[in-house]
Amino acid sequence: MIMKKKILIVLIAITIIIAGLLVFRLKSTTKEEPQGTQLIPSSFEGPRIPKYIEGGSTIESQIAREGFSFPDSLPVLRAIPAGPFTQEEVMPFAEKLGFASEPIVAEDVSEGTVYIWSNLKDNLVVYSKSRRVEYGLNQTPDNVINKQLSDEALIKISEDFLTKNFLSAAEEISFSFFTFLKSAGLPEGFYQSTKEEASIYQVNFSPVSSEYKILTLEPGSSPIYVWALPDGTISKAIVNKNLNLAVSGEKIPLKNYEEFTASLNKAVLVSLDDGNLLLSTLPKSDVQRIVISEAELVYLMDSSSSESFQPIFLLKGKARVKGYDNEVRGLLYLPAFKTP
């Protein structure tokens, strides 16, 4: 009897040991997803980037593995939709800028009601549906004096103009980056330059605190920006006021170096020759070769109705275009999220 009890105890012990080993092995072979990281479902819709040129170009990369230093995941920026502007909401913009007359009111299929003010000096246009405000001088002043303003002074002048005329006390913005532009005259347009050579300092602001830029479909612009002249005069301002943004709790996984390299053929060309070559009228066969030398991780506002801003790669390089003796600057957008 005692012998049977001993045998039973041994069998129970062996069973417990085997069960423990099986549990340990199961845990060791099961990978847990990083907490807070959300796998992208197969139905996930990427950013809506217009493809003016479909294929036809050879895209090469000079970016080495050691130069590809980005996080494994990032949160999505969520936008809380706001209703269209009412006339009562837009009138203070005009009053603060000195427009005394009633606005011209027009209806647009995509923009809804549009309010327009204009006089000899400047103009103001407010698009109600997209909640976008556009201000500009009708003519750039002659003989603008370069006051050699510091970066800090340019940011302060631009921020003061925005907060005084367009933003409420509850709306906060933060400086994001500069885009320095040099006028080449008509019809050549503007080209990116250094601050020393620039005739326009574009001061870009972000509606949410982020270490990454927020760009629109114009890769040199944020959703809120100001053009400051070398003497500090504000010649233009674009303000998207539908951007009540919040950083989402979930994160989406981003491409690693191998996935980035393998997906280059899906990059979308968004700018050639600093925007001076019109992509919508350019035959795809004219863009013969693009060599990427730099990649930057940014967030994209792909439309005024966007409810989520997704991380993308802004690719910078040189393009060989038919009919041009020299290569021109090319910018491309590539979705950064890991493909399911």
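Computed values, structure above
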| item | result |
| --- | --- |
| Filtered GluC sites (Glu not before Pro), region 153-242: DSSP coil and at most 11 other beta carbons within 10 Å | Glu188, Glu196, Glu197, Glu211 |
| Size of electric dipole in region 267-335: Cβ of Lys, Arg +1 and of Asp, Glu -1, about Cα centre, debye, nearest 20 | 300 |
| Region 79-245 - charge dipole about Cα centre, Lys and Arg +1 at Cβ, Asp and Glu -1, debye rounded to 20 | 100 |
| Cα-projected label distance for Phe68 with Asp160, points at 7 Å along beta-carbon direction, nm | 4.7 |
| Inter-site label distance for Arg78 and Tyr257 at 7 Å from Cα along Cβ, in nm | 3.5 |
| Additional length obtainable on full extension of the chain from Asn123 to Ile104, 0.36 nm per residue less Cα span | 5.7 nm |
| Loop-located GluC sites (Glu not before Pro) in region 246-335 whose Cβ has at most 16 other Cβ within 10 Å (DSSP) | Glu307, Glu327 |
| Spin-label model distance (nm) - Ser174 vs Lys318, 7 Å beyond Cα toward Cβ | 3.6 |
| Two-site FRET efficiency, Thr281 against Glu152, from Cβ-Cβ distance with R₀ of 35 Å, rounded to 0.05 | 0.25 |
| Positive minus negative residues near Val125 (Lys, Arg vs Asp, Glu; Cβ under 12 Å) | -2 |
| Length added when fully stretched, Thr339-Tyr212, from 0.36 nm per residue minus Cα-Cα | 43.6 nm |
| Sequence-distant residues sharing a close amide H with Val270 (under 5 Å, placed H) | Leu331, Leu332, Tyr333 |
| Unsatisfied cross-links (Cα-Cα over 25 Å) in the set Lys164/Lys316; Lys182/Lys241; Lys284/Lys316; Lys182/Lys316 | Lys164/Lys316; Lys182/Lys241 |
| Other-chain or far-sequence residues with amide H under 5 Å of Gln310's (modelled H) | Leu300 |
| Region 169-294, relative contact order [Cα under 8 Å, separation at least 6], % | 18 |
| Selection of chymotrypsin sites (Phe, Trp or Tyr not before Pro), region 250-333, meeting DSSP coil and at most 15 other Cβ within 10 Å | Tyr324 |
| Electrostatic dipole magnitude of region 157-275 [Cβ: Lys, Arg +1; Asp, Glu -1; Cα centre; debye, to 20] | 220 |
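Computed from the coordinates by the stated procedures, all read-outs in this text should not be read as laboratory data. Keep in mind that this is a model prediction, so the values were computed, not measured. Here the Cβ is made from the backbone with ideal geometry for all residues, glycine too, and neighbour counts use every protein chain on show.
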